[in-house]
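Encoded as structure tokens, the structure appears first; notes follow it.
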Amino acid sequence: MEKYIIHGGVRLEGSVKISGSKNAALPIFAATLLTDEEVILKNVPQLSDTQTMTLLLRSLGKKVSWDTGSPGRVIIQPELKAGLVVNTKASYEIVKRMRASICVLGPLLTRYSKAEVSLPGGCAFGPRPVDLHISGLRALGADVKLIHGNIVAEAKGLLKNSATGLRRLRGGHVPVMQGRISSVLATDNILSAAVLAEGETCIENAAREPETEDLVNFLKHIGAEITQEIEDPHKEDLFHEGKSISIQRLRVKGVSKLHGGEYTIIPDRIEAGSFMSFAAITGGKLLIQNCEPKHLHAVIQIFEELGLSIQQKSSNELLVKTAGKRLKRLKRLKGIEVSTGPYPLFPTDMQALLMAVAVLAEGDTILEESIYSSRFNHVGELERLGASITLEGNKAYIHGVSALEGARVMASDLRAGAALVAASLAASGKSELRRVYHIKRGYENLLGKLKKLGAKIVLEDG
């Protein structure tokens, strides 16, 4: 099993190019099932998750080719001339590798009148139920059952699509919020199902994450009719915990057919935030290229309060640097309790990385996890490196220490792994990070990018 060997204490410096967004690419890959024509995607990150989605699409009858002469360019075509998929069943053997596989459910059902997708199961930080996916498809007229661990859906007794002759879903009113949180994947699935449904669909409380907006833009690019309505009841409070945030409503007017096209995936905002963390924890100076600053407002705000200097150098570049060469010169988040939340609040995927930085800053920090209450698997591993953290329910109380020391640690999930990379970069001596396959799910060539910035990190077997 592969592991990273990291010798910490090196200040990172230089420029780094951010890859395309994993969380945007996966639903867009799935949405190519909606058309019989060729789709070319650009800025696609080469990750284990995008490779898994490639396998899944191929198993469903798509021809997927990665352009070796143009990195990040993927060509997706129908395997059969008629455009029909080989089958409409997403097997457990592929789906079990990645929760985002459920995104093929909506496209398969609306395009081919039936779909069978294995339940994706739980994850490292708690269950993520598929109730909203199922109730949403039922609201569009589908017959959905759970049979032997599979979601089996069919469009029965509905109007036929004039372009395909297959049964067609019908528009409806679909809420996609559970508690106070809008479901991103449920929004993506219902949206993809609605674009070929008969009539109009209204998706209430739709997720506002940039990755969902990218899916909206892709679907519109290939012929979907989608209108976004955003209400900002307390616009001035968007980035303060416990306040109202804007609500999005998506109106979809179903069409009978979608065409192909060429589309560029947005940059990965979490990767950009990760390199901000690497700069902060090593006292570094980084020019982050090919990013989207408007997607990073909440992250930038928190890191600036932490003491980072972040300047926008161009439309897609951020210069990130610390006040001095030593991390202890960073300010402290005095009296501020940072809470994760749905976009545009501070993202849950940045929680572990912020914690890694906070363990070395002066004073105390309170981090509240409001999306996944048990997403603290990285705490014990950070403590092995010398961190001082107390957990109480969904809050972590971080007591800043003066230094970290290298140790053997283990990644439990993607972002926990990234946080352990950050902490190991700052720790004195040697760290050994195992289960790096988690990290490879979401970071393209992280090893090469860190080495270019001066990090002493290698990949070893064992």
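The values are calculated or read from the model by the stated rules, or taken from the named source; none is laboratory data. Remember, it's a predicted structure, so these values are computed and weren't measured experimentally. Positions of Cβ are backbone-derived with ideal geometry, glycine not excepted, and every protein chain shown enters the neighbour counts.
Take the range 335-369 and flag every residue that is assigned to a loop (DSSP other than H, G, I, E, B), free of Cβ contacts under 8 Å to residues at least 60 places away in the same chain and crowded, with 20+ Cβ neighbours inside 10 Å.
Ala361, Glu369
Here is a list of conditions, (1) in contact with a Ser or Thr (Cβ under 6 Å, 6 or more places away or on another chain); (2) at pLDDT below 95, and Ala82 meets all of them except one; can you say which number that is?
Here Ala82 clears every test but (1).
As an exercise: evaluate Met410 against (1) in contact with a His (Cβ under 8 Å, 6 or more places away or on another chain); (2) farther than 26 Å from Glu13 by Cβ; (3) without any contact (Cβ under 8 Å) to a residue 60 or more places away in the chain; (4) buried (at least 19 other Cβ atoms within 10 Å of the Cβ) and give the number of the one condition it does not meet.
Evaluating Met410 over (1) in contact with a His (Cβ under 8 Å, 6 or more places away or on another chain); (2) farther than 26 Å from Glu13 by Cβ; (3) without any contact (Cβ under 8 Å) to a residue 60 or more places away in the chain; (4) buried (at least 19 other Cβ atoms within 10 Å of the Cβ) leaves (1) as the failure.
In the range 415-430, which residues are surrounded by 21 or more Cβ atoms within 10 Å (Cβ to Cβ), in contact (Cβ under 8 Å) with a residue 60 or more places away in the chain and of a type outside the set (Ser, Thr, Tyr)?
Result: Arg415, Ala416, Ala418, Ala419, Leu420, Val421, Ala422, Ala423, Leu425, Ala426, Ala427.
Can you name the residue in the range 391-404 that is touching a helix residue (DSSP H, G or I) at 6+ places or on another chain (Cβ under 9 Å) and surrounded by fewer than 22 Cβ atoms within 10 Å (Cβ to Cβ) and is also nearest to Gly273 (Cα to Cα) among such residues?
Gly400
What's the number of the only condition in (1) under 22 Å from Glu154 (Cβ atoms); (2) crowded, with 19+ Cβ neighbours inside 10 Å; (3) touching a Lys or Arg at 6+ places or on another chain (Cβ under 9 Å); (4) not acidic (Asp, Glu) that Ala206 fails to meet?
The failed condition is (1).
If we scan the range 148-169, do we find a residue that is within 21 Å of the chain's Cα centre (by Cα), surrounded by 23 or more Cβ atoms within 10 Å (Cβ to Cβ) and not in a strand (DSSP E or B)?
No, the range 148-169 has no match at all.
Report those helices (runs of 4 or more DSSP H) wholly inside the range 7-95 carrying at least 3 residues which are touching a residue at least 40 places away in the same chain (Cβ under 8 Å) and buried (at least 22 other Cβ atoms within 10 Å of the Cβ).
Hits in the range 7-95: 22-31, 48-59.
Of the residues Phe239, Phe218, which is among the aromatic types (Phe, Trp, Tyr), at pLDDT below 95 and assigned by TED's automatic domain parsing to the domain that holds Tyr92?
Exactly one of Phe239, Phe218 is among the aromatic types (Phe, Trp, Tyr), at pLDDT below 95 and assigned by TED's automatic domain parsing to the domain that holds Tyr92, namely Phe239.
How many residues are of a type in the set (Val, Ile, Thr) and at pLDDT below 95 if we restrict to the range 242-260?
2
Kindly evaluate Thr348 against the criterion of being modelled with pLDDT under 95, closer than 25 Å to Gly417 by Cα and of a type in the set (Val, Ile, Thr).
no
What do you reckon, is Glu37 within 20 Å of Arg168 (Cα to Cα) and more than 24 Å from the chain's Cα centre (by Cα)?
Answer is yes for this residue.
Which of the following residues is farther than 29 Å from Lys17 by Cα and either in contact (Cβ under 8 Å) with a residue 12 or more places away in the chain or touching a Lys or Arg at 6+ places or on another chain (Cβ under 7 Å) (or both): Glu405, Glu444, Glu383, Glu460?
Residue meeting the stated conditions: Glu405.
Lys294 - would you say it is without any contact (Cβ under 8 Å) to a residue 40 or more places away in the chain, surrounded by fewer than 19 Cβ atoms within 10 Å (Cβ to Cβ) and charged (D, E, K, R)?
For Lys294, the condition - without any contact (Cβ under 8 Å) to a residue 40 or more places away in the chain, surrounded by fewer than 19 Cβ atoms within 10 Å (Cβ to Cβ) and charged (D, E, K, R) - is met.
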